[in-house]
Amino acid sequence: GVLFIWVGVESKKEVYEKNRGVDFHALIASLRKRGICVLVSAILFLEQHDQETIWEDVDFATSLQPDYLQFMQLGPIPGTSLYKDYEKKGLLFDEVPFEEQHGQDMIWFRHPNFTREETRDFTKRAFRKDFEVNGASFIRAMRTTLWGYQYALNHSDPQIRRRAASFKNLLSSMRHFLLAATLFNPNPRTAELLKEIKPEFRKLFGRFDPIALAVLAYACKERIRLWTKGDTRQPTQLYIEPTAKAAGDVIGSVYSAGRKAIAPQALVPGGK
């Protein structure tokens, strides 16, 4: 069954056809009730955003209470209509390397209401807002999985009831992180979530969990690394020369897997 869905909310305003008429609060609550973790994405630095109205979209996305929330900067990418439009208007910063055009640091075009440095600060503040209001994402996902277990366990449809076993198996792995999460709890909202879910985990698995001690030991090691070396890790760069055959293989595998985007309207609550 489905365990994870990415929903491109983008903005509070219905600026995209795919989102018109969708009640995102009801949709996301319904998905999480069924044990489906939801990643919501919203776009920052749209053309209508200024330093006040941008928070309307940040607050809206945060109020949806997804398991995971991604704020992505508006990004004109070569080959898109947005890129061609901005290029024609002379709004692009050609000196920004392509590898820095990833939407999580500074924008690479001229915005009428934000400097590049300001976009970095606003992006960090948006993520911080979600973290403080909704708590740690993994703990939110634990709660959703618990909801899914309870929903499946008590469902009238035997096919859905069978899903309870898979939810319980997933919860049995998640529980190993509870001890470390409690000791290294980052903020009050996360503490509230832990207080809500820990009794449910104890009912299912009891209190004794030796693997949690190993997870705690690793968490302590990582905390020491952060104190001594900072919170930066740069993976080894790997460059592979693309070929037409490799590109064809990738495209073919995507189509053969039958992957496709689903409009949010198709997920509107009403089914099992």
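The values are calculated or read from the model by the stated rules, or taken from the named source; none is laboratory data. Quantities reported herein were computed from a predicted structural model and do not represent experimental measurements. Backbone-built Cβ (ideal geometry, glycine too); neighbour counts: all protein chains shown. Accessible surface areas use protein heavy atoms only, side chains included; no ligands, DNA or RNA. Shrake-Rupley method; radii C 1.70, N 1.55, O 1.52, S 1.80 Å.
Structure summary
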| read-out | value |
| --- | --- |
| Cβ-Cβ under 6 Å pairs, at least 6 apart or on other chains, the stretch 187-216 side more than 13 Å from Ser172 (Cβ to Cβ), far side of a type in the set (S, T, N, Q) and open to solvent by 40 Å² or more (accessible area, probe 1.4 Å) | Ala191/Asn185; Leu194/Thr182 |
| Every residue from the stretch 16-27 that is over 21 Å from Ile139 (Cα atoms) and either among the aromatic types (Phe, Trp, Tyr) or open to solvent by 70 Å² or more (accessible area, probe 1.4 Å) (or both) | Tyr16, Glu17, Lys18, Arg20, Gly21, Asp23, Phe24 |
| When residues of the stretch 28-52 are limited to those that are over 17 Å from the mean Cα position of the chain (by Cα) and farther than 27 Å from Arg161 by Cα, the one most open to solvent (accessible area, probe 1.4 Å) | Glu52 |
| Count - residues of the stretch 4-28 that are within 30 Å of Asp157 (Cα to Cα), in contact (Cβ under 8 Å) with a residue 40 or more places away in the chain and of a type in the set (A, V, I, L, M, F, W, C) | 6 |
| Residues that are among the basic types (Lys, Arg), closer than 30 Å to Asp130 by Cα and open to solvent by 60 Å² or more (accessible area, probe 1.4 Å), drawn from the stretch 150-189 | Lys168 |
| Odd one out for Trp55, checked against (1) modelled with pLDDT of 95 or more; (2) closer than 18 Å to Gln104 by Cα; (3) crowded, with 19+ Cβ neighbours inside 10 Å | (3) |
| Residue check, Glu192 closer than 20 Å to Gly148 by Cα, assigned to a helix (DSSP H, G or I) and either at pLDDT below 95 or open to solvent by less than 70 Å² (accessible area, probe 1.4 Å) (or both) | no |
